[in-house]
Every structure is written in structure tokens, then in C-alpha cells.
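The values are calculated or read from the model by the stated rules, or taken from the named source; none is laboratory data. Computed from a predicted structure; not experimentally measured. Cβ: placed from backbone, ideal geometry, glycine included. Neighbour counts: every protein chain shown.
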Amino acid sequence: MPYVIRNSVIIGTLLIIAFFIGILLNATAIKKLETARLKYNDKIKGLNELKRLNPDLQNQKKIIATHDILQKKSREEKKRILKEENPTISYQYFMDICDNYCPNFNFNFTYNTSIENTQTNYNSYELNGVSYILDIYKFIYQIEMQSPLYTIESLSIMDNIPQGAKTIGDTVEFNLKLNAYFDQAGTEIQDIPMEVIRAPYISYNPFYFRIHYPVMNNENMKYIDVDAASLIALTPKNVIMSDKSGNITKLTVGDKVAFGYLSGIDWENHSAVFRLNKIGIPTKKTIYLKKD
């Protein structure tokens with residue numbers, strides 16, 4: 001067979017094979033498209049029927065609000081009452097929390113009372129001691145967020161918190177009272193696994209009073225107390241004040257005073273403006289030059 005004829009036969013055969021393969025692939029694609037179109041039409045019909053039977057589904061805000069309510073209810077119903085409860089169970093539960101989340105939390109454990117009646121059964125416990133503020137916070141957070149039903153009845157931190165106890169790295173005295181509830185219809189504590197729940201990080205002492213009495217510490221005593229002083233002279237750049245003892249202090253804008261600083265000079269109205277924070281609330285104080 002001549003070379004040209006042989007090549008023509010081969011090419012023709014390949015073209016015929018490619019043609020039939022193309023027809024086969026095209027038929028398969030058309031079939032898949034038709035199947036997808038039928039499924040799509042069925043879903044559209046189902047969606048329209050669902051909308052007809054449930055008109056509220058078209059109200060997106062109502063759906064979101066209902067979802068939020070269900071989430072809140074789920075969180076509220078997360079707590080599970082224990083079937084059996086005693087000091088050994090509670091002490092071990094508290095130690096498990098410490099081992100997992102706050103290993104430096106130190107406490108003394110005391111069993112107080114047991115209340116059993118037809119409606120509510122619970123045991124009362126008391127934890128006290130000296131521990132780091134952040135560890136106390138982590139322990140309480142786990143008691144609140146884990147599933148076993150324990151309620152915090154009272155929490156007290158030492159009233160006379162020292163000046164250095166404003167940060168999370170300080171230790172304070174504490175007293176914590178809790179109730180542990182139980183019922184025969186409840187759940188065994190070994191059937192309630194401890195969840196992995198991390199407390200949100202805090203960079204301040206949550207138990208320190210943000211609103212407080214003025215504290216005249218050594219830092220504040222170095223500066224003039226403008227509440228007990230008078231303005232005796234004024235220039236566009238300086239103010240001169242006198243305290244009760246007759247001591248004279250010259251200030252420029254930005255200079256510190258007790259509990260604050262000089263923030264501005266109102267030359268037209270002959271006054272000095274101070275920014276102070278004595279009790280945890282920033283305030284502005286204006287002192288006018290005496291007319292005499």
C-alpha cells in the first residue's frame with residue numbers, strides 16, 4: 001500500500017473514532033445536565049411549597065431572632081443536675097477544674113450543710129484561702145460554664161485590698177460559697193465529660209473597685225491638691241497656685257497635680273482647667289482667678 005494512502009486511512013480512522021467519542025461524551029453531558037435540571041426543578045417546587053406552608057421563612061429578621069432565642073435556650077439548658085452528690089465528688093470536681101485550667105488556685109475546702117426536700121436537693125460548700133486573682137477568675141468561669149449544676153451563692157474578696165493588688169499578678173484573700181444540686185433523675189458526674197472551655201483573657205483585676213474613695217498615696221502627695229488650693233496668678237503660659245500652708249506652685253500645661261494634671265489655660269476668662277480622676281471617674285475642674 002502506498003505511503004500516502006496508508007496515512008490517509010489511519011487519519012480517517014482516528015477521526016471516526018474521535019467523532020464517536022465526542023458523540024458519546026456529549027450524550028453523557030446532556031444526560032447529566034437533564035438530571036441536574038430535574039433535581040433543580042424539584043428543589044424549586046419543594047422550596048415554593050415550603051414557603052407556602054411556612055410564610056415566616058421569608059422573614060429573615062424573624063428567623064435570626066428565633067435562632068438567637070434557641071441558642072440562648074440551649075445555653076441555659078446546658079446545665080445538668082447530678083444524680084449523686086457528696087463532698088468527695090465535689091472536691092474531686094474542683095480539683096479537676098484546677099488541674100485543667102488553674103493549677104495555682106489554692107483553697108481550703110469546707111462542707112457546710114445538706115438540704116433535701118421534695119423540690120430541691122443540694123449540698124453547700126465553702127472555699128477560702130489566698131490565691132492569685134486571675135486563678136480565682138478562671139475557677140469561677142469554669143464553675144459557671146461547665147455542665148454540672150453548681151451555683152455561686154456568694155463571693156467576697158478581702159475588703160482592704162493593698163495598693164499593689166490592682167493587677168492580675170497579685171494574691172488576695174477570698175471566700176466562695178457554692179451549692180451543688182442533685183436528684184435521682186439526674187446524671188452521674190462520670191457521664192458528664194469536662195469540656196474544653198477557655199476563659200476570655202483579662203489584663204486587669206476584675207475584683208478591684210473601679211469606683212473608689214480618693215486615695216492620697218505617696219505619688220499624689222508629691223503634687224499640689226487643686227481642690228485645697230487657690231489660683232493667685234495667671235499668665236497665658238503659666239498658673240501660680242497656693243495651698244493651705246501657703247506653699248506656692250507654678251504650673252504649665254501638662255504639669256501633674258494630685259489625681260491629675262493641668263490641661264489648659266483660659267486667658268480670656270482668667271481660669272485654669274484641670275483633668276482629675278480621684279474616684280475612678282475622669283472629671284474636669286475649672287478654677288478662676290480671684291477678682292481681688
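Being exposed (fewer than 10 other Cβ atoms within 10 Å of the Cβ) and closer than 30 Å to Pro103 by Cβ is a description that applies to Pro193. The set of residues from the range 223-267 being small (Gly, Ala, Ser), over 27 Å from Gly280 (Cα atoms) and assigned to a strand (DSSP E or B) comprises just one member, Ala233. Which residues, counting only those in the range 82-104, are acidic (Asp, Glu) and loosely packed, with under 14 Cβ neighbours inside 10 Å? Result: Glu84, Asp99.
Might you check whether a residue that is more than 20 Å from the chain's Cα centre (by Cα) and among the charged types (D, E, K, R) occurs anywhere in the range 127-144? No, every residue in the range 127-144 fails to be more than 20 Å from the chain's Cα centre (by Cα) and among the charged types (D, E, K, R).
Filtering the range 220-242 to residues that are in contact with an Asp or Glu (Cβ under 9 Å, 6 or more places away or on another chain), surrounded by fewer than 16 Cβ atoms within 10 Å (Cβ to Cβ) and either under 18 Å from Asp266 (Cα atoms) or in contact (Cβ under 8 Å) with a residue 24 or more places away in the chain (or both) leaves only Ser230. The set of residues from the range 266-280 being without any contact (Cβ under 8 Å) to a residue 60 or more places away in the chain, hydrophobic (A, V, I, L, M, F, W, C) and surrounded by fewer than 20 Cβ atoms within 10 Å (Cβ to Cβ) comprises Trp267, Val273. Among the residues of the range 228-262, those identified as of a type in the set (S, T, N, Q) and under 17 Å from Leu289 (Cβ atoms) are Ser230, Thr235, Asn238, Ser242, Thr249, Thr252.
In this structure, Val253 qualifies as surrounded by 14 or more Cβ atoms within 10 Å (Cβ to Cβ) and within 46 Å of the chain's Cα centre (by Cα). For the range 170-179, the criterion of being of a type in the set (Phe, Trp, Tyr) and modelled with pLDDT of 90 or more is met by at least one residue.
Of everything listed in (1) surrounded by fewer than 12 Cβ atoms within 10 Å (Cβ to Cβ); (2) hydroxyl-bearing (Ser, Thr, Tyr); (3) in contact (Cβ under 8 Å) with a residue 24 or more places away in the chain, the single unmet condition for Ser245 is (3). For Thr118, the conditions (1) farther than 26 Å from Pro200 by Cβ; (2) modelled with pLDDT of 90 or more; (3) assigned by TED's automatic domain parsing to the domain that holds Glu173 are fulfilled apart from (2).
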